[in-house]
Amino acid sequence: MCLQVNPSAMNIPTDEQFFSKTEKGKPDISYLKNHLYREGRVKEEHALYIIEKATEILHTEPNLLHVGAPVVGVLSHPRAPMIVACIVHGIFRRAH
């Protein structure tokens, strides 16, 4: 039984609340985590800032993952165990 529910965040963060006081130009992660957890909203410009920065970070990440062959795993399923051969880019084949 839940005796207390935290109220939703009703305010939209200002620039001073959105950005970190210690790391210039970066969002205040702890504030945003709490704000969004409580179903808070952000300004469109703040949402776009997060998307743009995430895009920049993802563009610096390698888009190819090198793994040793063969890539085979065992998947346990309640009805029938099966061996799954996985091609790295996400296509799965069922081996009988």
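The values are calculated or read from the model by the stated rules, or taken from the named source; none is laboratory data. Bear in mind the structure is a predicted one, so any value in this text is a computation, not a measurement. Cβ sites come from the backbone with ideal geometry, for glycine too, and all protein chains shown count toward neighbours.
What number of residues within segment 54-72 satisfy the criterion of being closer than 30 Å to S20 by Cβ and either at pLDDT below 65 or not in a helix (DSSP H, G or I) (or both)?
3
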- Scan segment 3-26 for residues that are surrounded by 12 or more Cβ atoms within 10 Å (Cβ to Cβ), free of Cβ contacts under 8 Å to residues at least 24 places away in the same chain and outside any loop (DSSP other than H, G, I, E, B) and jot them down. Q17, F19
- The correct count of residues that are closer than 10 Å to A9 by Cβ and in a helix (DSSP H, G or I) in segment 32-53 is 4
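Please tell me if L75 is at pLDDT 90 or above and surrounded by 10 or more Cβ atoms within 10 Å (Cβ to Cβ). Talk me through it step by step, then tell me what you get.
On the way: at pLDDT 90 or above: no; surrounded by 10 or more Cβ atoms within 10 Å (Cβ to Cβ): yes.
Considered against the rule, which asks whether it is at pLDDT 90 or above and surrounded by 10 or more Cβ atoms within 10 Å (Cβ to Cβ), L75 comes out as no.
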